[in-house]
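Visitor: First the structure, which I've put down as structure tokens, then a few questions once you've had a look.
The values are calculated or read from the model by the stated rules, or taken from the named source; none is laboratory data. What you are looking at is a predicted structure, and each value in this text was computed from that prediction instead of being measured. Don't worry about glycine lacking a Cβ; one is built from the backbone with ideal geometry, like all the others, and counts go over all protein chains shown. Keep in mind that these areas ignore ligands, DNA and RNA; they rest on the heavy atoms of the full protein, side chains included. Shrake-Rupley method; radii C 1.70, N 1.55, O 1.52, S 1.80 Å.
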Amino acid sequence: MTTATVPRARRIAATQRAAGARRGIAAVATVTALLLTGACGSLGAKSVPAQPIKASKSDSGAQGTAVDDKPAPNAKLAELQGADGAVLTVTSAERKEGGFLTVKGRMTNTTDKALNPMAWVAGTELVSKNPYSIAGATLADQQGGKRYYILRDTDGLCLCTSFGPVFPANRTVPVFMQFPAPPQEVREVDLTVPTFDTVSIRITG
């Protein structure tokens, strides 16, 4: 073997070793890519049943129901049946600043004939200035033995809903009444309106 032949043989051997190394690296890279692809697919499959976004929407909906303390339009604390076919639905009874208690609800004429609201105020001293209102309503604190009447302004007009001389058939209108607030420890009172049943209502606030 000549001197020139030896370096040439060495170069060939080095080239073969480099090519083998490159093939080994390529094989490792291919296997690694396959493993990573399999791991991502597995994580994706596991994440589907958890549904974190849907769960969040469901939770927010439940919270909305719980957090929303305002009475819904069809909320009902109590219902008073009138002798003439009227129905008074109470939706809230809340204490207000200044020592007031405001009762809200709706009055419905369930009949096919007009009603005379005069019956709902009859028998009180308010009838002369509030003839077609709900001024005859009172609250009774049974434990304290006190009765509360609807407040009036300086002109003697009640702080309550007035309906006009005729309450039309099959009509529903909002109602409010404002009373002096019972002591803070009183949480329940009886609401009475002339010609209606008496019911107990719970005070909030």
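Visitor: Stretched out fully, how many nm does the piece from Lys129 to Phe176 gain, at 0.36 nm a residue minus the Cα gap?
Guide: 15.2 nm
Visitor: Solvent-accessible area per residue for the stretch 116-205 at a 1.4 Å probe radius, Å²?
Guide: Each residue of the stretch 116-205 exposes 52 Å² on average to a 1.4 Å probe.
Visitor: Sticking with this structure for a sec: Rounded, prolate or oblate: pick one for the stretch 100-205, where a ≥ b ≥ c are the square roots of the eigenvalues of its C-alpha gyration tensor, a/c under 1.5 means rounded, and failing that, prolate if a/b is larger than b/c, else oblate.
Guide: Prolate shape, in that a/c is at least 1.5 and a/b is the bigger ratio.
Visitor: Another question, if that's okay. Over the stretch 73-205, what is the relative contact order in percent, taking alpha-carbon pairs closer than 8 angstrom and at least six residues apart?
Guide: 30 percent
Visitor: May I ask you to list the aspartates and glutamates whose Cα is less than 16 Å away from that of Lys76, ignoring any residue fewer than eight positions away on the same chain?
Guide: Cross-link targets: Asp68, Glu94, Glu188, Asp190, Asp197.
Visitor: Could you give the length gained on full extension between Thr111 and Thr198, defined as 0.36 nm per residue of separation minus the Cα-Cα distance, in nm?
Guide: The span from Thr111 to Thr198 would gain 29.2 nm if fully extended.
Visitor: Could I ask something else about it? Would you work out the charge dipole size for the stretch 94-167 about its Cα centre, treating the Cβ of every Lys and Arg as +1 and the Cβ of every Asp and Glu as -1, and quote it to the nearest 20 debye?
Guide: I would put it at about 120 debye.
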